[in-house]
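Written below as structure tokens is the structure these notes are about.
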Amino acid sequence: MLVTPPTIDLSNCDREQIQFASAILDHGALLTVTEPDLTVQQASVNTREMLGVPVEELLGGPLSRLLEEPQLQVLREHLRKNELAASPGFLLRAALGGADFDLFGHRRDGVLVLEFERRSEPTATGNQLSHELHDALTRLEATPNLPAFLDLAVTQIRELTGFDRVMAYKFLEDGSGEVMAESLLEGEGLTPYLGLHYPPSDIPAPARRLFSLTWLRHQPDISYTPVPITPVANPLTSAPLDMSYALLRSVSVMYSQYLKNMGTQASMVMTLMKDGRLWGLVACHHHRGPKHVPSEVRVAAELMVHMLSVLMSAKEHLGSYQYRMKLKAMESGLVANLLRENDFSAGLLHRTPTVLDFVESTGAALVVNGRLELVGRTPTEEQVRPLVHWLSGHMAEEVFATDSLAGYRPEAAAYSELASGLLAMRFTKSKDDYLLWFRAEQLQSVNWAGDPGKPVDISDDQQRLMPRTSFAIWKEMVRMKSKPWLDEEKAAAEDLRLAILELVLRKADELGALYQNLERSHAQLDAFAYVASHDLKEPLRGIANYAVMLTEDYGPRLDEEGRRRLATLSRLSQRMDDLLNSLLEYSRVGRVNFADADVDLNQVVAEALDTLRVRMEAQGTEVRVLGTLPRVRGDRSHLGEVMVNLISNAIKYNDKEKKWVEIGADSLSVYVRDNGIGISPEHSEQIFQIFRRLHGRDEFGGGAGAGLTITKKIIERHGGRIWLESTPGVATTFRFTLATRGAG
Ligand code: ADP
């Protein structure tokens, strides 16, 4: 983990070209030679101490000054057969200057780079190593998930290599890293780093690039003295040697310092790749002293991380698959609840699973028809409302996700602790109904293994090079940020949206069918009422006519009682005719087509008042129209009927000395108010039923009891609603609306 001191700009570090180190670690020597002549072009300055031949003697001369003919033959054979283009290949073992060396070679910048690494003997034989490797892989394959897999992997790598600490480190989407697994030597008081987070600057871009080029980097002694290469420029290219692949490449001073501050004396870093990209690292640290890992063991370890990379992809895919399955199951649960409950709030928030069980979240909000409901830990309603308003103007897609809401809306900083992350889902484009999930600030949920308050016992200028300081930098970086939303989660929100829409559409279909049934039976009823009233009128007219004839022709011959009965017959048939007329009118209102015209209610009321003027004057009622009435869309003559009915009732049902009627409109509705006898609340529904009267036919000059029924039907056919407010004995107000653009 690399950290730059405060004096150095982090972006400098991002540009630092560490592949042109022009120096090597001090446990080996490096030469570059040209092919096929094998003339030495560059050398590390330590060839005398290491290989027994001084640099001056090697430079410009043949390689045979160092290697004997049989060794050169082996070398030439390798060069003929192998490309040696990317990674250094093992060429041969040689005893030079009194020590054993492994010789590795690779081709770069037009030269052959030869690296002599001093050998250390492995404790295990090759046979034992391959058995250990086999066992390790068998057990790794059997682990159920990624965390268990990484736990076992670090344990096994520690057993294989003998390091004091082995960590699996994962790069997160924002470039920061997290220690996912750790195996630690016990009894030495080593601080665990498990769960620690690092800022991206800890492993700057050039280092990440180099890591992704080589599977393994080994530094047996952190306190090494870098050995320069001479000449610095490769005579063939006149540029410093590109050491990207060199085993012995010297490392950044800051990297070494950082490791030293962690108490590390030797390190080995291996690369975890996923789908061709750097996924993470396995970092091995030794604290008890320098440690050189024999090349055979390194090969085994490297093989192991190759296998880890392959297996890990599979484990991670499996993890993602399992999560997707869980999300699907939760989605089904939510939809089932909605089916059962018929209501968004009950189905999504108040039955398990709730929306909080769906995607990982700390709180949620549901907005339907302007009603807001909150569950879990959330900002307040006063904070969520403006957020919803903002979303309605900013959501291009139906699902929106951010792990840093304050980055979009500075106001959100006030509640970043509760909702740094937001996943928003709008049910449909045309309506502002939402489901929101909140995620708390990540810091609230981060696991710090050690004690962040513990004093750091190292000089001030080096504090930045401490893992704890790294953690502080990382903390600064993730302030007001939540854990990012996974693609799986965004996709799941979209899926849930579609499932809910489908459900709503299905319900609408069912309702539609129900409505059609209802319409049909209404129509049948209207048809029946029409036929019945129409057909009944015929014989009724006969009865009435005969009653008249009887009165005229035989009246004088009848006695008083007979004439009275005849009069009753006439009256009853007249009354029946009235009833039939009402019924006919009622069925007509149900069957005829209504116009959809622009209607000025002021004119409609004026005409109604003209019609009723005689009655008004007879009753001595003062009628006032307050303000201007709105223009509406509808059927002019039927709206006239409504006004006549309501106003005539208002005139009729009044026993006050000074009678008045007020007609007006407010934001809510159009109203007709009187200071009449009032209607007690228990009758406020009944009076709209056909032939329902609260008074004797002759009281208040009452009618057939169909006026309000017809009025209601006309209003409903305009998509409106009628209701009343009344204080018995004092006043009554009838109010109505006409569709949504209605009367307001
Ligand atoms: P009707 O033709 O008998 O007036 P309506 O259907 O118009 O029948 O009204 C039904 C009943 O509602 C009436 O009989 C009356 O008792 C009551 N009613 C209607 N309007 C008023 C009002 N403005 N004040 C008091 N009672 C009313």
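Return yes when L356 is outside any strand (DSSP E or B), at pLDDT below 90 and in the same structural domain as L435 (by TED's automatic domain parsing) and no when it is not. Before the answer, list the steps.
Values: outside any strand (DSSP E or B): yes; at pLDDT below 90: no; in the same structural domain as L435 (by TED's automatic domain parsing): yes.
Considered against the rule, which asks whether it is outside any strand (DSSP E or B), at pLDDT below 90 and in the same structural domain as L435 (by TED's automatic domain parsing), L356 comes out as no.
Return the only residue of D698, D674 being more than 9 Å from the ligand (Cβ to nearest atom) and in the same structural domain as V625 (by TED's automatic domain parsing). Outline the logic, then answer.
Values: D674 fails: more than 9 Å from the ligand (Cβ to nearest atom).
Only one candidate passes the filter, namely D698.
Beta carbons closer than 6 Å, at least 6 apart along the sequence or on distinct chains, pair a first residue in region 579-599 that is in the same structural domain as A529 (by TED's automatic domain parsing) with a second that is hydroxyl-bearing (S, T, Y) and surrounded by fewer than 19 Cβ atoms within 10 Å (Cβ to Cβ) for S587/Y530. Residue count for region 231-254, restricted to those that are within 26 Å of F90 (Cβ to Cβ) and touching a helix residue (DSSP H, G or I) at 6+ places or on another chain (Cβ under 9 Å): 10. Determine whether region 679-694 contains at least one residue that is under 21 Å from D598 (Cα atoms) and more than 9 Å from the ligand (Cβ to nearest atom). Within region 679-694 (the criterion being under 21 Å from D598 (Cα atoms) and more than 9 Å from the ligand (Cβ to nearest atom)), the answer is no, since none of the residues qualifies.
With respect to R588, determine if the residue is open to solvent by 20 Å² or more (accessible area, probe 1.4 Å) and under 51 Å from the mean Cα position of the chain (by Cα). The answer is no for R588.
Residues in region 210-225 that are part of a loop (DSSP other than H, G, I, E, B) and aliphatic (A, V, I, L, M): how many? Count: 1.
Among the residues making up region 624-668, those that are more than 13 Å from the ligand (Cβ to nearest atom), in a strand (DSSP E or B) and free of Cβ contacts under 8 Å to residues at least 60 places away in the same chain are R624, V625, R631, G664. Of the set (1) touching a helix residue (DSSP H, G or I) at 6+ places or on another chain (Cβ under 9 Å); (2) farther than 15 Å from Y653 by Cβ; (3) not in a loop (DSSP other than H, G, I, E, B), all apply to F700 but (2).
Scan region 663-690 for residues that are open to solvent by 30 Å² or more (accessible area, probe 1.4 Å) and touching a Leu at 6+ places or on another chain (Cβ under 7 Å) and the total you get is 3. Being open to solvent by less than 20 Å² (accessible area, probe 1.4 Å) and closer than 17 Å to F736 by Cα is a property that does not hold for I651. Keeping to region 428-444, report how many residues are part of a strand (DSSP E or B) and open to solvent by 10 Å² or more (accessible area, probe 1.4 Å). Selection size over region 428-444: 5. Per the conditions (1) closer than 30 Å to D535 by Cβ; (2) within 13 Å of the ligand (Cβ to nearest atom), the sole criterion not satisfied by N593 is (2).
Quick one: in region 703-730, which of the residues that are in a strand (DSSP E or B) and more than 9 Å from the ligand (Cβ to nearest atom) is surrounded by the fewest Cβ atoms within 10 Å (Cβ to Cβ)? If you could, list the steps in order and put the result at the bottom.
The first filter runs over region 703-730 and keeps only residues in a strand (DSSP E or B), leaving 721-727.
Still in the running and more than 9 Å from the ligand (Cβ to nearest atom): 721-723, 725, 727.
Values: R721: 15, I722: 20, W723: 15, E725: 14, T727: 12.
Filtering first and then ranking leaves T727.
The values are calculated or read from the model by the stated rules, or taken from the named source; none is laboratory data. Owing to the predicted nature of the structure, the values given are computational and were not obtained by experimental measurement. Positions of Cβ are generated from backbone atoms using ideal geometry, with glycine treated the same way; all protein chains shown enter the neighbour counts. Note: accessible area is taken over every heavy atom of the protein model, side chains too, but ligands, DNA and RNA are not part of it. Shrake-Rupley method; radii C 1.70, N 1.55, O 1.52, S 1.80 Å.
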